[in-house]
1. Take the residues of the stretch 134-166 that are of a type in the set (A, V, I, L, M), farther than 23 Å from ASP99 by Cα and open to solvent by 100 Å² or more (accessible area, probe 1.4 Å): which is farthest from the chain's Cα centre (by Cα)?
2. Identify, please: which residue in the stretch 66-96 is modelled with pLDDT under 85 and touching a strand residue (DSSP E or B) at 6+ places or on another chain (Cβ under 9 Å) and is, among those, most open to solvent (accessible area, probe 1.4 Å)?
3. Quick one: ILE56 ticks every box in (1) open to solvent by less than 40 Å² (accessible area, probe 1.4 Å); (2) within 19 Å of PRO149 (Cα to Cα); (3) without any contact (Cβ under 8 Å) to a residue 60 or more places away in the chain except a single one, so which number is it?
4. Run ASP99 past the list (1) open to solvent by less than 30 Å² (accessible area, probe 1.4 Å); (2) modelled with pLDDT of 85 or more and report the number of the one that doesn't hold.
5. Just to be sure I understand, how many residues within the stretch 7-23 are over 22 Å from ARG84 (Cβ atoms) and open to solvent by less than 20 Å² (accessible area, probe 1.4 Å)?
6. Just for the stretch 107-130: of the residues that are part of a loop (DSSP other than H, G, I, E, B) and open to solvent by less than 100 Å² (accessible area, probe 1.4 Å), which one is modelled with the highest pLDDT?
Amino acid sequence: MFREEDLEVGRRAIERQWITQAQMEESLREVENGSVSLADALVRRGLLKTEQVLEILREIHPPTRSLASGESFGKYRIVREIGRGGMGIVYEAMDEDLDRRVALKVLSQRLLPSNEDAERFVREARLAAKLRHPHLVTVHDVGLVDDAPFFTMDLIDGRTLDRIIE
């Protein structure tokens, strides 16, 4: 049995004429044999680009709702949105308990479709929080607020990477 999302990704990719029915069926065999999604299988096989998959997934699962300045998210008060991307939204936030500014990343729900995926994300973030190095941003907190996975890290003031590249 295939997940509804896998079948919908395949249907939309075929509608756009990005893949054929035969390519979807062949990729579904890979999905059936492992714990990979159809989207992952199509990208791995070189049939779709990551951007194409993200376009379809954004249609299927609208992006995470934005949090407004002053709004609470768990123990954090949102100051402003810093940026957004395929993984979620990053905010400048105030940790109310520790009275410090942090970068708060709230992951998109469409990337973590099951509780098991959310729990795995939390486990991995906890491991990352144990890492210490002068060239790594420190992870301070990780968890779920209203089923939305998040983590906080050092807030770095300065130019963004896209500005530096320009």
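The values are calculated or read from the model by the stated rules, or taken from the named source; none is laboratory data. The shown structure was predicted, so the numbers you read here are calculated from the model rather than taken from an experiment. Note that each Cβ is placed from the backbone with ideal geometry, even for glycine, and that neighbours are counted across all protein chains shown. Just so you know, the surface numbers come from the protein's heavy atoms only, side chains and all, with ligands and any DNA or RNA stripped out. Shrake-Rupley method; radii C 1.70, N 1.55, O 1.52, S 1.80 Å.
1. Residues of the stretch 134-166 that are of a type in the set (A, V, I, L, M), as a first pass: 136-137, 139, 142, 144-145, 148, 153, 155-156, 161, 164-165.
Next, only the ones that are farther than 23 Å from ASP99 by Cα stay: 161, 164-165.
Next, from what is left, pick out any that are open to solvent by 100 Å² or more (accessible area, probe 1.4 Å): 161, 165.
Values: LEU161: 19, ILE165: 23 Å.
My answer is ILE165.
2. Step one: filter the stretch 66-96 for residues modelled with pLDDT under 85, giving 66, 84-88.
Add one more test, that the residue is touching a strand residue (DSSP E or B) at 6+ places or on another chain (Cβ under 9 Å), and what stays is 66, 84, 87-88.
Details: SER66: 52, ARG84: 128, MET87: 102, GLY88: 9 Å².
Taking the candidates together, the pick is ARG84.
3. That leaves (2) as the condition not met.
4. (1)
5. Our first condition is that a residue be over 22 Å from ARG84 (Cβ atoms); within the stretch 7-23, this holds for 7-8, 10-23.
Narrowing the set further to residues that are open to solvent by less than 20 Å² (accessible area, probe 1.4 Å) leaves 10, 13, 19.
The total comes to 3.
6. SER108
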